[in-house]
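Structure, as structure tokens:
The values are calculated or read from the model by the stated rules, or taken from the named source; none is laboratory data. The shown structure was predicted, so the numbers you read here are calculated from the model rather than taken from an experiment. Virtual Cβ from ideal backbone geometry, glycine too; neighbours counted across all protein chains shown. Surface accessibility is based on the protein's heavy atoms, side chains included, excluding ligands, DNA and RNA. Shrake-Rupley method; radii C 1.70, N 1.55, O 1.52, S 1.80 Å.
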Amino acid sequence: MLQREYGACVDALSEAFHNADEAAFFAAVDHIVHMREPRMLGEIRRLTGGLQKALERFSIESRLADFAEHEIPGARTRLLHVINMTDAAAHRTLDLVERSGPLAERVAHEAAAVLATLAAGEPEPLHVRLEQFLPAARADCEQIRRNLAEVLLAQGYQDLTGQIIRSVIKLVEELEQTLGSLTRLSGDVVEHATLGSDPAMAHGPVVPGVTQGEIAAQQTDVDELLSGLGM
Amino acid sequence: MSKDCKFLVVDDFSTMRRIVKNLLHDLGYPNVREADDGETALPLLRAEDFDCLITDWNMPGMPGLDLIKAVRADARLAKLPVLMLTAEAKREQIIEAAQAGVNGYIIKPFTAETLKEKLDKILGTAAK
């Protein structure tokens, strides 16, 4: 094999060397190098391929370590902040609603008393009633108006929580892509775990496009289902 | 059932408890107590006399379904009217809740009318 492939070349090289024929000598050397080239190139390609894969794997793994160390805990903190913000805004709104209700009730109650006086048909007590009622009604309505303006402002949380949730969605997308690349690189066949549909388990609110199975879209569906069961 | 009947509202979100409490006030039921999951609700139910339990399903600690099962297994509480107020809307879950012994099932988001309608129904039934 060695003799057959390289015999002629080595002979030519040796002959040129003995004859001190520089041109023939280097031509023979070039010929040998040329013969070795494809194998060398193949080897280099294999080595660089392996190196590239190792680098890629290293970069994916360090990205994953970054996710685990910083970004996931950060996302958790951000989502907790969203819960706290929505909680605060809801309580603020409920405070204002609870404070406005009695004011509206008082205006309605007093207005009913004025109407009763009016029905009685005596001008003197009506005049006194109105003098008491109108300034109080104005003050109560102004307070209700201010409370409503604050209810409006309390809804500003949606903008802020929306931005935070979007940033977490972006993180989840990145994590999904990185895990996808890792799976492709490993060439592993991933067994997809199927989520059991244990009816005793709580799944949380229905999310369009995510929640699977038969869902009661509204209260009437629930009522129909239960009456079908004899309830 | 008289308007002074005593309610226990169980939900892990304080805002939802407050909303339900406000609606009950508006319906003329001022006597309302609160608990944030089944584990805190159960001792209250055993220690005091309640006329109606309104519970969420998805709660950390003891979920609503387990609470209902515990209530039905307790001889003193077995007949307590129970209304489930939850975001869980899968058909098999509603059936599961019915089998566990709920008297009414409302899915969130809900309206004041739905709450009134279900309460009238289950408290009326209980009064018989």
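Quick check on segment A:147-170. Is at least one of its residues outside any loop (DSSP other than H, G, I, E, B), hydroxyl-bearing (Ser, Thr, Tyr) and open to solvent by less than 50 Å² (accessible area, probe 1.4 Å)? If you could, list the steps in order and put the result at the bottom.
From segment A:147-170, those outside any loop (DSSP other than H, G, I, E, B) are A:147-154, A:157-170; that's our starting set.
Filter once more, keeping what is hydroxyl-bearing (Ser, Thr, Tyr): A:157, A:161, A:167.
Within this subset, residues satisfying the condition of being open to solvent by less than 50 Å² (accessible area, probe 1.4 Å) are A:161, A:167.
Checking segment A:147-170: at least one residue is outside any loop (DSSP other than H, G, I, E, B), hydroxyl-bearing (Ser, Thr, Tyr) and open to solvent by less than 50 Å² (accessible area, probe 1.4 Å).
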Quick one: which residue in A:Gly230, A:Gly213 is surrounded by fewer than 11 Cβ atoms within 10 Å (Cβ to Cβ), modelled with pLDDT under 90 and not charged (D, E, K, R)? A:Gly230
What number of residues within segment B:63-93 satisfy the criterion of being at pLDDT below 95 and hydrophobic (A, V, I, L, M, F, W, C)? 2
Restricting to segment A:1-16, give me the number of residues that are exposed (fewer than 12 other Cβ atoms within 10 Å of the Cβ) and in a helix (DSSP H, G or I). 6
Search segment B:72-96 for residues being small (Gly, Ala, Ser) and more than 9 Å from chain A (Cβ to nearest Cβ), and hand back the single one that is least open to solvent (accessible area, probe 1.4 Å). B:Ala78
Please go through (1) at pLDDT 95 or above; (2) closer than 30 Å to B:Ser14 by Cβ; (3) more than 14 Å from chain B (Cβ to nearest Cβ); (4) open to solvent by 50 Å² or more (accessible area, probe 1.4 Å) for A:Asp140 and return the number of the only condition it doesn't satisfy. (4)
State whether the residues of segment B:57-66 include one that is within 23 Å of A:Gly228 (Cα to Cα) and among the aromatic types (Phe, Trp, Tyr). yes
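So, A:Val114, is that one of a type outside the set (Ser, Thr, Tyr), over 33 Å from the mean Cα position of the chain (by Cα), surrounded by 14 or more Cβ atoms within 10 Å (Cβ to Cβ) and modelled with pLDDT under 95 or not?
Details: of a type outside the set (Ser, Thr, Tyr): yes; over 33 Å from the mean Cα position of the chain (by Cα): yes; surrounded by 14 or more Cβ atoms within 10 Å (Cβ to Cβ): yes; modelled with pLDDT under 95: yes.
Considered against the rule, which asks whether it is of a type outside the set (Ser, Thr, Tyr), over 33 Å from the mean Cα position of the chain (by Cα), surrounded by 14 or more Cβ atoms within 10 Å (Cβ to Cβ) and modelled with pLDDT under 95, A:Val114 comes out as yes.
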With the first residue restricted to segment A:209-231 and required to be at the interface with chain B (Cβ under 7 Å from one of its Cβ atoms), and the second required to be open to solvent by 70 Å² or more (accessible area, probe 1.4 Å), Cβ contacts under 6 Å at 6 or more apart or on different chains are A:Glu214/B:Arg91
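Hey, among A:Pro38, A:Pro73, which residue is open to solvent by less than 90 Å² (accessible area, probe 1.4 Å), modelled with pLDDT of 90 or more and out of contact with any helix residue (DSSP H, G or I) (no Cβ under 9 Å at 6 or more places or on another chain)? Give the steps one after another, and end with the answer.
Numbers: A:Pro38 fails: modelled with pLDDT of 90 or more.
The conditions single out A:Pro73.
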Mind checking whether some residue in segment A:120-136 is open to solvent by 60 Å² or more (accessible area, probe 1.4 Å), within 14 Å of chain B (Cβ to nearest Cβ) and not basic (Lys, Arg)? no
